[in-house]
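Everything below concerns the one structure shown next.
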Amino acid sequence: DAMVIQNPRYQVTQFGKPVTLSCSQTLNHNVMYWYQQKSSQAPKLLFHYYDKDFNNEADTPDNFQSRRPNTSFCFLDIRSPGLGDAAMYLCATSSEDRDNQPQHFGDGTRLSIL
Amino acid sequence: QKEVEQDPGPLSVPEGAIVSLNCTYSNSAFQYFMWYRQYSRKGPELLMYTYSSGNKEDGRFTAQVDKSSKYISLFIRDSQPSDSATYLCAMRVEAGSYQLTFGKGTKLSVIP
């Protein structure tokens, strides 16, 4: 039973062409995260939503934006993808209404840039 | 010095062996510790979650935390080929802090 679902699993886009990745969750968690993971590297947090409050990491490029229209869905928009943005993008969720809950990840979207 | 150090491997063991995976950290404020398993082309899957020094066991997996030495371990007993994956340690400072600090991951291969 998939609880954090990411679509599509694989995405190919052209250099500079905007792309949107989506994430949905059935856990009713109030916090959602987007990570970037490059080959053989640890996931890097881009931003997170606590309910509707958006929190950007200081070193996340302006090229990356996010939307969370409701509790279940969150989107990652890359406005003008560059070759360096090719990576796995991971969505995660956690419940921060109950302390000490870990993050649960989706299976990711692998983004390729032509 | 990185906040979390994890040997990237690769680590190859025969089926049935006991596997020991380790991370060291420098920030004494870390309070919560996790181990994730990541198969190729998949997202990280939570294996163990603990916040106190000592051992926590779940089936063939045991997580060990030594806060005085800033050292955590994951032991896998009776390793199986299906355990072949990358294992990531992760930690956070306190409840309400959303930032996870990950190790780089150790790639494990269990040979039949």
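For the stretch B:1-46, which positions are small (Gly, Ala, Ser) and part of a loop (DSSP other than H, G, I, E, B)? If you could, list the steps in order and put the result at the bottom.
Step one: list which residues in the stretch B:1-46 are small (Gly, Ala, Ser), which gives B:9, B:12, B:16-17, B:20, B:26, B:28-29, B:40, B:43.
The answer is B:9, B:16, B:17, B:26, B:28, B:29, B:40, B:43.
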Within the stretch B:51-75, residues charged (D, E, K, R) and either surrounded by 15 or more Cβ atoms within 10 Å (Cβ to Cβ) or within 12 Å of chain A (Cβ to nearest Cβ) (or both) come out as B:56, B:67, B:70
| request: Say whether the condition of being at pLDDT 95 or above, touching a helix residue (DSSP H, G or I) at 6+ places or on another chain (Cβ under 9 Å) and farther than 15 Å from residue B:23 by Cβ is met by at least one residue in the stretch B:51-65. | output: yes
When the stretch A:49-91 is checked residue by residue, the ones that are in contact with a Cys (Cβ under 9 Å, 6 or more places away or on another chain), free of Cβ contacts under 8 Å to residues at least 40 places away in the same chain and of a type outside the set (D, E, K, R) are A:49, A:66
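Tally the residues that are closer than 18 Å to residue B:100 by Cα and loosely packed, with under 13 Cβ neighbours inside 10 Å, restricting the search to the stretch A:9-53. Talk me through it step by step, then tell me what you get.
As a first pass, look at the stretch A:9-53 and keep what is closer than 18 Å to residue B:100 by Cα: A:29-38, A:40-50.
Filter once more, so that each one left must be loosely packed, with under 13 Cβ neighbours inside 10 Å: A:40.
Final tally of qualifying residues: 1.
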Residue B:99 fails exactly one of (1) in contact (Cβ under 8 Å) with a residue 60 or more places away in the chain; (2) in a loop (DSSP other than H, G, I, E, B), namely (1)
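One residue is enough: does the stretch A:90-100 have a residue meeting the conditions away from every other protein chain (no Cβ under 14 Å), surrounded by fewer than 21 Cβ atoms within 10 Å (Cβ to Cβ) and either farther than 28 Å from residue B:87 by Cα or polar (S, T, N, Q) (or both)?
From the stretch A:90-100, those away from every other protein chain (no Cβ under 14 Å) are none; that's our starting set.
No, the stretch A:90-100 has no match at all.
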Assess whether residue B:87 counts as being within 14 Å of another protein chain (Cβ to nearest Cβ) and aromatic (Phe, Trp, Tyr).
yes
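Matching residues to (1) within 14 Å of chain A (Cβ to nearest Cβ); (2) of a type in the set (Ser, Thr, Tyr); (3) touching a residue at least 24 places away in the same chain (Cβ under 8 Å):
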position	(1), (2), (3)
B:17	no, no, yes
B:27	no, no, yes
B:44	yes, no, yes
B:49	yes, yes, no
B:77	no, no, yes
B:92	yes, no, yes
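The values are calculated or read from the model by the stated rules, or taken from the named source; none is laboratory data. Values in this document were obtained by computation on a predicted structure and should not be read as measured data. FYI the Cβ positions are ideal-geometry reconstructions off the backbone, even for glycines, and counts take in every protein chain you see.
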